[in-house]
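*Asks:* Below is a structure I'd like to ask you about.
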Amino acid sequence: MRTLIRWAARLYPPAWRNRYAAEFDALLDDISPSFRDVCDVLGDVLRVRATTSIDACLMLAPVSPMNLRLPVVASLTAHAVMITIVLFAVWGHVTTMPLHVVAPLPPPAPEPPPQVTDARVFPNALTLYSSLPLKIPAQGGTLPLDVADGVGINFLSLPDIGATYRQGSTEWRVWPAQALESFVVRRVLPEYPHGTNARGAVSVFLEYLITRDGSVKVLRTSGPQPFAGAARSAIERWVYQPLEYENRSCEVVSRVEVRFDSEFAR
């Protein structure tokens, strides 16, 4: 290793060797050099070569043209060797790095369907609308999408979604109404019951059953009359396609909130 370091030290500029050669040899005799020391010396040679001009070296120690060409050639060779080592190290690191596959972006969210209830009644609700017509015409034509003034329908998020209720041989499954939109055949909006003295918003909560033939039966209501009666009358005229679960026809229970607001009702 001492021989390698002494050969590497010859790559220093003459001015450096004339000033530090004796101290460097004395230090080298006192230590047990390693390959890392060789690399440190080569790195320092590159640093000194990069910061010391040839002209300065010539001014400090006059040398012959032959002595000038030898350090230059040796310096260029050392530079080339170091660059080659660095390139090989970088190439090996790059080729062994694992490839990270970037997952594709999710598709854009669909645009909200047209509103079929008065959105002002539920200004912050996200499920006031239906993607399907309120009523399919008997003989073709344009499918109507109506808005009921002062009446809003809010599909509730159900904490017991997927629960099963059994009554004898019948089985009911709890499912949110917005998930059954594609099965709607007809939906009728409640009408605001005029002639009442109610002021502001009145909410009616209904639990209804979609039977095996797609008709709707209201099981329970919560709210004052005549608003509860108007909501029940409209929802019991809703019609769905027959529902199936695991290739068997089933009956589904869902819940909905109907809100009446006199401020927006005509």
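The values are calculated or read from the model by the stated rules, or taken from the named source; none is laboratory data. Remember, predicted model here, so these are calculated numbers, not experimental data. Note: ideal-geometry Cβ built from the backbone for every residue, glycine included; neighbour counts use all protein chains shown.
*Asks:* All but one of (1) outside any loop (DSSP other than H, G, I, E, B); (2) at pLDDT below 85; (3) touching a Phe, Trp or Tyr at 6+ places or on another chain (Cβ under 8 Å) hold for A179; which doesn't?
*Replies:* Of everything listed in (1) outside any loop (DSSP other than H, G, I, E, B); (2) at pLDDT below 85; (3) touching a Phe, Trp or Tyr at 6+ places or on another chain (Cβ under 8 Å), A179 misses just condition (3).
*Asks:* Scan (1) surrounded by 15 or more Cβ atoms within 10 Å (Cβ to Cβ); (2) in contact (Cβ under 8 Å) with a residue 40 or more places away in the chain; (3) in contact with a helix residue (DSSP H, G or I) (Cβ under 7 Å, 6 or more places away or on another chain) for the single condition R259 breaks and write down its number.
*Replies:* Against the list (1) surrounded by 15 or more Cβ atoms within 10 Å (Cβ to Cβ); (2) in contact (Cβ under 8 Å) with a residue 40 or more places away in the chain; (3) in contact with a helix residue (DSSP H, G or I) (Cβ under 7 Å, 6 or more places away or on another chain), R259 comes up short only on (3).
*Asks:* Now for a separate question. Among what's in the range 6-42 and is among the charged types (D, E, K, R) and farther than 16 Å from A74 by Cα, pick the residue that is surrounded by the fewest Cβ atoms within 10 Å (Cβ to Cβ).
*Replies:* D30
*Asks:* Right, something else. State yes or no: is Y192 aromatic (F, W, Y), surrounded by 19 or more Cβ atoms within 10 Å (Cβ to Cβ), touching a strand residue (DSSP E or B) at 6+ places or on another chain (Cβ under 8 Å) and in a loop (DSSP other than H, G, I, E, B)?
*Replies:* yes
*Asks:* Scanning the range 188-230 for residues that are within 40 Å of the chain's Cα centre (by Cα) and aromatic (F, W, Y), which turns out nearest to V252 (Cα to Cα)?
*Replies:* This residue is Y208.
*Asks:* Is it the case that some residue within the range 241-264 is in contact with an Asp or Glu (Cβ under 8 Å, 6 or more places away or on another chain), under 25 Å from N124 (Cβ atoms) and at pLDDT below 90?
*Replies:* yes
*Asks:* Moving on to the next point. Among the residues in the range 212-231, are any farther than 20 Å from F122 by Cα, touching a strand residue (DSSP E or B) at 6+ places or on another chain (Cβ under 7 Å) and among the hydroxyl-bearing types (S, T, Y)?
*Replies:* Among the residues of the range 212-231, at least one is farther than 20 Å from F122 by Cα, touching a strand residue (DSSP E or B) at 6+ places or on another chain (Cβ under 7 Å) and among the hydroxyl-bearing types (S, T, Y), which makes the answer yes.
*Asks:* Might you check whether a residue that is at pLDDT 70 or above, surrounded by 13 or more Cβ atoms within 10 Å (Cβ to Cβ) and part of a loop (DSSP other than H, G, I, E, B) occurs anywhere in the range 51-69?
*Replies:* Checked against the condition, which is being at pLDDT 70 or above, surrounded by 13 or more Cβ atoms within 10 Å (Cβ to Cβ) and part of a loop (DSSP other than H, G, I, E, B), the range 51-69 yields no hits at all.
*Asks:* Right, next: Kindly indicate whether L87 is at pLDDT 70 or above and surrounded by fewer than 15 Cβ atoms within 10 Å (Cβ to Cβ).
*Replies:* So L87 passes the test.
*Asks:* Within the range 12-35, does at least one residue satisfy the condition of being modelled with pLDDT of 75 or more, in the same structural domain as V86 (by TED's automatic domain parsing) and touching a Ser or Thr at 6+ places or on another chain (Cβ under 6 Å)?
*Replies:* Within the range 12-35, one or more residues are modelled with pLDDT of 75 or more, in the same structural domain as V86 (by TED's automatic domain parsing) and touching a Ser or Thr at 6+ places or on another chain (Cβ under 6 Å).
*Asks:* From the list V185, V253, which one is more than 21 Å from A148 (Cα to Cα), outside any loop (DSSP other than H, G, I, E, B), in the same structural domain as D160 (by TED's automatic domain parsing) and under 36 Å from the mean Cα position of the chain (by Cα)?
*Replies:* V253
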